[in-house]
Structure formats: structure tokens, C-alpha cells
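The values are calculated or read from the model by the stated rules, or taken from the named source; none is laboratory data. This structure is a prediction, so every number in the text was calculated from the model and none was measured. For neighbour counting, all protein chains shown are included, and Cβ atoms are generated from backbone atoms with ideal geometry for every residue, glycine included.
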Amino acid sequence: MKSIRIKILVSIFFITVITTLAITVVFYQKAADTIEDNYILSNQQRNRQLIESLDQSMQEVLHISVEASCDPELKRKTHEYTVNQKDQTLEEIAEILKMYYKQNAAISSYHLIIPSQQVLVTSEAYPIFRKVIEKRNIEAIIRESQEKAGPFLLKSLISGKPSQLAFVEEVAVNGEVLGYLCANIEERSLYYNYLSEMKTEAVEEVMLLDVEDKIISSDNAEQVGTASHLQVERGAADKRTELVSLDEDNIYFYSRAYFSGCALYISADRESVLGDLTQLRLYYTGIFLTFLLIAAILAFYLAQMIYRPIKQLTTTVKQVSEGNLETRADITSKDEIGTLSEEFNQMLDHIEELIEQVIEKEKLKKDAELEALQYQVTPHFMYNTLNAIKYSAKIKGEQELAGLIENFVELLQASISKKGAFLTVTEELYILENYIRLQEFRSHATIQMRCEISEEAQSCLIPRLLLQPLVENSLLHGIDLKENNGVIKITAKVEEEVLYLEVSDNGRGISQEKITQLLYKKTKKTKGFTAIGIPNILERLKLYYGERAGMDYRSDVPGTTVIIHLPKEVYDDQEE
């Protein structure tokens with residue numbers, strides 16, 4: 001429904017239909033519910049009695065089967081046959097099975113399967129036994145008896161038809177299973193003794209199901225052995241489940257026995273149950289259709305009245321979508337549609353203002369980009385000028401001065417270069433060596449730089465110029481350069497995917513109060529190369545790594561050690 005007019009029409013019509021339907025249905029529904037409730041209660045009671053009776057019969061069959069499987073004579077004869085393989089022994093086993101077969105009328109036959117010999121002995125008159133039973137059939141029976149606690153449909157190894165319900169018990173001697181005893185109940189016997197009485201004019205389908213809701217008996221014999229498609233929502237797999245479900249055409253009853261796990265499923269036709277209400281339903285249907293026609297006519301005229309101002313606003317929106325921003329919606333009412341039209345006009349005015357602002361910002365952005373390009377000229381000019389001075393010094397034989405200028409150029413490039421925010425530990429140490437050589441020249445002092453870098457740490461990535469401020473602090477505030485005995489030691493190692501960096505000196509040390517001030521006191525930010533310090537390091541570590549990185553001080557007398565830990569990130573040359 002793309003049109004709002006259709007939505008309004010349907011809404012009004014739907015509200016009228018609900019009201020009319022409620023009036024016409026209420027009396028019919030009350031009568032129908034009463035009849036259905038009485039039918040459901042009556043059938044629930046009958047179903048309960050039937051399934052309990054069936055469950056009692058199943059329990060008796062199982063008790064006889066357990067007693068037969070424990071019979072010492074049956075065990076002895078079974079073991080004897082596994083030794084001598086004589087037909088006479090099989091005949092004697094058949095006589096024992098006939099004795100137990102006669103104890104309960106529900107049992108149609110007893111079968112004893114001896115897997116090791118592929119032999120089946122039966123209580124039936126003929127044949128008494130059958131040899132060379134296929135192993136796959138025997139294995140299927142054994143597997144199904146182990147998987148299911150209750151009775152299951154058994155394909156007869158004599159007739160080949162899956163038409164009997166079986167309880168299977170093991171026949172074991174000294175812990176060794178010699179055979180499997182099957183107490184069989186004919187499916188048709190189950191149906192005529194229990195289910196047939198439930199088949200009435202209103203009942204369309206009656207079935208007996210096993211624990212997996214597989215059909216083991218039905219009024220339709222062709223369904224036996226197939227999976228059932230229940231029309232009832234079952235909850236937890238409770239053996240005592242008793243449920244009733246209804247749909248438009250049928251009432252479904254589901255009752256499960258406690259002992260055997262078998263379930264009785266019945267489907268009844270609601271039309272047959274409510275047959276006396278057919279004429280009354282036709283009368284109410286006529287009333288409902290009459291009111292429905294009246295409601296449709298009223299809904300059409302009301303929808304036209306509501307839709308007219310909406311259509312005008314829709315036309316204006318389409319014109320705007322086509323690029324005409326000068327058009328405005330007509331305000332013809334003071335209701336919500338009028339408010340919407342007014343707000344839409346204000347939105348168009350605001351959009352025009354924003355377009356003008358965007359045009360102005362684009363002009364300013366282009367000016368800023370030109371200015372940024374101009375600023376890029378200055379660093380290149382400085383590099384070229386310093387390189388020219390370096391080569392001039394080399395030509396004049398000032399090798400030391402040329403080397404110092406080259407060190408300074410590399411340090412300058414490292415500090416303001418835009419080629420990435422990270423360097424390897426090896427590259428950072430190269431920058432520090434240049435920086436220390438410049439400091440030695442400036443202070444006319446000798447400074448020893450010792451490095452202990454593990455092989456794993458050499459290719460780890462760290463933020464650019466992370467260690468330079470720490471070395472600078474050692475030179476300015478720690479080491480006495482006049483003594484010419486200054487030593488700066490740099491250590492890098494990796495432990496459990498964490499990179500540890502240490503910068504230590506043999507200077508005068510630092511107080512705990514100063515350490516606290518450096519690590520926790522916020523410092524005002526400034527611009528420029530010389531302003532890089534401890535607050536800058538802390539802020540960069542926080543921005544790059546959050547809580548996974550940090551810095552700490554340890555001060556000895558003499559000497560100060562700064563320890564930085566951060567996550568290990570290895571340089572990969574394939575990324576370039």
C-alpha cells in the first residue's frame with residue numbers, strides 16, 4: 001500500500017469491520033465454545049482411559065518379556081546352541097517361547113535372535129526357526145533397541161513386513177549377550193483392540209505413536225512406520241504430556257503414556273462437532289456482510305476528505321525532488337497536515353542557507369589547501385640549504401663540520417617528516433646517535449652511549465622520537481658534561497608480547513617529588529621541536545595504545561632509569 005489514501009481507507013474500513021465482526025460473532029462464538037469445550041473434555045477423558053489401558057497392557061508384556069529373558073533354561077539352551085548348532089536345541093527353545101507367549105493375549109509371538117549364529121527362533125507354529133538371517137537386519141534391531149527405551153516397530157525377519165510392535169530384551173550369560181528376545185504385538189491387533197473404538201463420524205484421524213512420534217498404529221495401515229506430522233504444539237518431552245490444539249478446521253488431541261512412552265493422537269473435524277450451528281452461522285454471516293458494505297462506502301468518503309491536503313503536500317515534495325527549491329507548500333488547514341506543510345517550508349529555507357554556507361566553506365577549504373602547499377616549501381628549502389652547506393664544508397676540507405651538518409639534517413628530517421608516525425627501534429637508535437654527536441660538539445664533552453638491544457626488539461615499531469626527549473633530559477638535567485664521564489645506556493627487550501625500553505644514565509638522579517610531577521601533573525602544550533618532553537611522550541602513548549602502554553621512573557644515587565612498556569608491533573617490509 002504505497003498510497004496514504006489507501007492506508008486511510010483500509011484503516012477506517014478495518015476499524016468498522018472489527019466492530020461489526022465483534023457484534024455478529026459474539027453469540028455464535030459463545031455457543032460454539034460451549035459445544036467445543038464439552039466435546040474436548042469428554043474426549044480427553046476417553047483418551048486418558050484408553051492410553052492408560054494400553055499402557056497397562058504394555059507394562060504386562062514387558063514384565064513377561066523380562067521374566068522370559070531371565071529364564072535359566074532359555075539361557076542354558078541358547079548357550080548350548082552356540083556350542084553345538086543343533087536344530088533339536090532350537091526346537092526346545094521354541095517350546096520355551098510358546099510357554100511365555102500363552103501368558104498374555106496381547107502378545108502375538110516371541111522371537112529369539114542369536115546374532116553370533118544369524119538364527120531366529122519363534123513361538124509361531126511355522127516355521128519354528130530360520131537360519132542365515134542377514135547381519136544388517138540383526139544389527140538394525142540391536143541398534144534401535146539400544147537407542148529407544150520403549151517399544152518400537154520391528155520389521156519381521158520372517159514375513160519382512162514392519163507390522164508389529166516389539167519389546168526387546170537381552171539374553172545374557174555371565175555378562176555375555178547371547179541373544180535378543182523380542183515380544184511382538186501385531187499392529188492390527190493394537191488398532192482393533194484400542195483405536196477402532198475412537199473412530200467416530202467426527203474423528204478424521206487416529207494414530208498411536210512411539211516415543212519419537214513415529215506412527216506405530218493407525219486407521220490408515222499405509223501410514224504405519226512413517227513419521228507423523230503433528231498439528232499440535234508440544235512443549236518439553238514429558239511422557240505424561242496431555243495437549244489439545246485447535247485450528248480453523250480441526251481439533252487435535254495428544255496424550256502420552258507414562259510407562260511405555262506411546263502417545264495417542266486424534267484429529268476431529270470441527271464442522272462435524274458444530275454441525276447444529278451451521279444455519280446460525282449463515283445468518284450471522286449475512287448480517288456481517290451487510291454492515292461491511294455500509295462501512296466500505298463510509299470509509300471511501302472519509303478517506304477522500306483526509307487525503308486531499310496530503311496530496312497537495314506530496315505534489316510540492318515531488319517538485320522539490322526535481323530540483324525546484326523555490327516552490328512552497330500551500331497551508332490550507334491548522335491541523336497536523338498544516339503544521340507539516342509549514343515545517344516543510346521552513347526546512348526548504350534552511351536548506352538554501354546551508355547550500356550557501358557549503359559554497360563558502362569550499363572556497364575557504366581551497367584557500368587553506370593552497371596555504372598548506374606553500375608551507376611545504378619551507379622544510380625542503382631548509383634541507384637543500386643545509387645540504388649545500390654540507391657539501392661546501394667537504395670541499396673546503398671541513399669533514400667534521402660536514403658530518404655534524406649531515407647529522408643535523410637527518411635529525412631534522414626525522415622530527416618533522418610526514419612519512420609515518422612510527423620507526424623501528426634500530427632507526428630510533430640511529431637518530432639518537434646523531435643527536436648525541438651534535439651534543440658532544442656543542443658541549444665539547446665526551447658522552448658514551450651503550451645499547452643492549454635484543455634481536456627480537458630490533459624490528460619492533462615505536463612512535464617516532466619516543467626516546468630522544470629522555471636522552472635530552474639525561475644530558476640537560478642528569479649528567480655532568482664537564483666531567484667527561486657521562487654514560488647513557490639504552491636497553492630494549494621483548495617479554496610476553498610486550499616491548500620494554502629503558503633509558504638510564506649515571507647522573508645526579510631525581511627526587512620522588514619531581515617524578516610525580518613529571519608523570520601526573522598536566523603541562524601546558526607548546527609548539528616547536530624543542531618543546532618535546534615527558535608530557536608529550538605520555539600523551540602519545542595514551543593516544544596510540546591507551547591503557548596498554550605506560551612509563552615509570554626509577555632513581556638511584558647516582559643515576560636515573562626511565563622504563564617504557566608498550567605492545568609489541570613488528571615492522572613488515574611487505575607493507576611498503
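Might you check whether a residue that is modelled with pLDDT of 70 or more, more than 48 Å from the chain's Cα centre (by Cα) and among the hydroxyl-bearing types (Ser, Thr, Tyr) occurs anywhere in region 408-424? No: region 408-424 contains no residue that is modelled with pLDDT of 70 or more, more than 48 Å from the chain's Cα centre (by Cα) and among the hydroxyl-bearing types (Ser, Thr, Tyr). Does region 47-57 include one or more residues that are over 30 Å from Tyr307 (Cβ atoms), of a type in the set (S, T, N, Q) and touching a Lys or Arg at 6+ places or on another chain (Cβ under 8 Å)? No, region 47-57 contains no residue that is over 30 Å from Tyr307 (Cβ atoms), of a type in the set (S, T, N, Q) and touching a Lys or Arg at 6+ places or on another chain (Cβ under 8 Å).
Do we find that Glu60 is of a type in the set (Asp, Glu) and either over 18 Å from Phe253 (Cβ atoms) or not assigned by TED's automatic domain parsing to the domain that holds Ile310 (or both) in this structure? The answer is yes for Glu60. Can Leu181 be described as assigned to a strand (DSSP E or B), under 20 Å from Ser260 (Cβ atoms), within 48 Å of the chain's Cα centre (by Cα) and modelled with pLDDT of 85 or more? It is true that Leu181 is assigned to a strand (DSSP E or B), under 20 Å from Ser260 (Cβ atoms), within 48 Å of the chain's Cα centre (by Cα) and modelled with pLDDT of 85 or more. Taking Leu9 as meeting all but one of (1) in contact (Cβ under 8 Å) with a residue 24 or more places away in the chain; (2) within 30 Å of Val173 (Cβ to Cβ); (3) buried (at least 17 other Cβ atoms within 10 Å of the Cβ), write down the number of the exception. Result: Leu9 passes all but (2).
Might you check whether a residue that is hydroxyl-bearing (Ser, Thr, Tyr), crowded, with 17+ Cβ neighbours inside 10 Å and under 26 Å from Tyr192 (Cβ atoms) occurs anywhere in region 145-156? Yes, because at least one residue in region 145-156 is hydroxyl-bearing (Ser, Thr, Tyr), crowded, with 17+ Cβ neighbours inside 10 Å and under 26 Å from Tyr192 (Cβ atoms).
Among the residues of region 52-71, those identified as within 47 Å of the chain's Cα centre (by Cα) and either modelled with pLDDT of 90 or more or not acidic (Asp, Glu) (or both) are Ser53, Leu54, Gln56, Met58, Gln59, Leu62.
Can you name every one of the helices (runs of 4 or more DSSP H) wholly within region 425-483 that holds 1 or more residues which are modelled with pLDDT under 85 and surrounded by fewer than 18 Cβ atoms within 10 Å (Cβ to Cβ)? Quick ask: steps written out before the conclusion?
Details: elements: 425-443, 455-458, 468-473.
Qualifying helices (runs of 4 or more DSSP H): 425-443.
Screening region 260-273 for residues that are in contact with a Lys or Arg (Cβ under 8 Å, 6 or more places away or on another chain) and in a loop (DSSP other than H, G, I, E, B) and picking the one that is modelled with the lowest pLDDT gives Gly261.
Every residue, every condition in (1) in the same structural domain as Ser123 (by TED's automatic domain parsing); (2) assigned to a strand (DSSP E or B); (3) β-branched (Val, Ile, Thr); (4) modelled with pLDDT of 85 or more, yes or no:
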| position | (1), (2), (3), (4) |
| --- | --- |
| Gly160 | yes, no, no, no |
| Glu169 | yes, yes, no, yes |
| Thr200 | no, no, yes, no |
| Glu205 | no, yes, no, yes |
| Gly235 | no, no, no, no |
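From the residues in region 320-345 that are outside any loop (DSSP other than H, G, I, E, B) and of a type in the set (Asp, Glu), which one is surrounded by the most Cβ atoms within 10 Å (Cβ to Cβ)?
Quick first cut of region 320-345, residues outside any loop (DSSP other than H, G, I, E, B) only: 320-321, 336-345.
Retained after the next criterion (residues that are of a type in the set (Asp, Glu)): 336, 342-343.
Numbers: Glu336: 9, Glu342: 14, Glu343: 11.
Within region 320-345, the match that is surrounded by the most Cβ atoms within 10 Å (Cβ to Cβ) is Glu342.
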